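Below is one structure, written out as structure tokens; the observations come after it.
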Amino acid sequence: MPALIVYIIGPSGVGKDSLQHWLLRHWTGPGRLHIAQRTITRPTTGMEGHEAVTQDAFAAARQAGAFALDWAANGFDYGIRHQAFAQATADDVLLVNGSRAYVLQALARLPELAIVSLTASHDTLHQRLRERGRETEADIAARTARSFHIELPSGVRVLHLSNEGCLAETGQTVLSCLRQWRTHTPAQAQAPAQAPLM
């Protein structure tokens, strides 16, 4: 069985980084849990720990085929290098902080992806974006106004979950789902609440 690759998506401020690091602290197996390092065309901030590169360096890496996944969002380029996937063994779980707008392309490249789709209220997203202090009020308004409606292909494993309140509660639900996905085939491991991504 290959590594379980979990693509975590949701609007800016929904808590994708926080959830990933909570899962990293609380994962007890089977196998190891990794967070795929992203390559981004902006400086490193907060808990992200991404590889910061210039736009020219990113374009050169993309041209050289360095990325297994890459997309553009919010004025920046994002990529996951092939070695992030190569480092995950068959028993492992690899978390990818992804983009809602890119999910169909990601599935086309990696059809085995499982998806965790996080949501939160407009007010919660606005407050969290203010607290992280990375965007202007205009940027925050633009980010929280974005809306997506994506119909996923049949058979995709997806968990829809509100991250409105306690991170530990969200984390425990995701942990349970990851263990189910890790021990079942995609056809056996359909998570509850199948629905279009919003």
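The values are calculated or read from the model by the stated rules, or taken from the named source; none is laboratory data. Computed from a prediction, not measured in an experiment: that's the story for all the values here. Cβ: placed from backbone, ideal geometry, glycine included. Neighbour counts: every protein chain shown.
Miscellaneous remarks
- Restricting attention to the stretch 78-87, the residues that are surrounded by fewer than 20 Cβ atoms within 10 Å (Cβ to Cβ) and either within 17 Å of Gln55 (Cβ to Cβ) or in contact with a His (Cβ under 8 Å, 6 or more places away or on another chain) (or both) add up to 2.
- Taken as a whole, the stretch 109-119 holds at least one residue that is among the polar types (S, T, N, Q) and at pLDDT 90 or above.
- When residues of the stretch 12-46 are limited to those that are in contact with a His (Cβ under 9 Å, 6 or more places away or on another chain) and closer than 18 Å to Asn163 by Cα, the one modelled with the lowest pLDDT: Gly13
- Taking each residue of the stretch 47-67 that is aliphatic (A, V, I, L, M) and looking for partners that are surrounded by fewer than 10 Cβ atoms within 10 Å (Cβ to Cβ) with beta-carbon atoms closer than 8 Å, six or more apart or interchain, yields Ala52/Pro43.
- So Arg62, is it modelled with pLDDT of 95 or more and basic (Lys, Arg): yes
- Cβ-Cβ distances below 7 Å connect the following pairs, each with a first residue in the stretch 1-18 that is over 17 Å from Leu175 (Cβ atoms), a second residue that is crowded, with 23+ Cβ neighbours inside 10 Å and among the small types (Gly, Ala, Ser), and a separation of six or more residues or different chains: Ile9/Gly98; Ile9/Ser117; Gly10/Ser117.
- Test: residue in the stretch 25-39 that is within 16 Å of Leu69 (Cα to Cα) and in a loop (DSSP other than H, G, I, E, B): yes
- Residue check for Ala90: out of contact with any Leu (no Cβ under 7 Å at 6 or more places or on another chain), among the hydrophobic types (A, V, I, L, M, F, W, C), at pLDDT 95 or above and loosely packed, with under 15 Cβ neighbours inside 10 Å: no
- Condition met for Ala108 (within 13 Å of Pro153 (Cβ to Cβ) and either surrounded by 17 or more Cβ atoms within 10 Å (Cβ to Cβ) or without any contact (Cβ under 8 Å) to a residue 12 or more places away in the chain (or both)): yes
- Of all residues in the stretch 1-60, exactly one satisfies the criterion of being exposed (fewer than 13 other Cβ atoms within 10 Å of the Cβ) and either of a type in the set (Asp, Glu) or under 14 Å from the mean Cα position of the chain (by Cα) (or both), namely Asp56.
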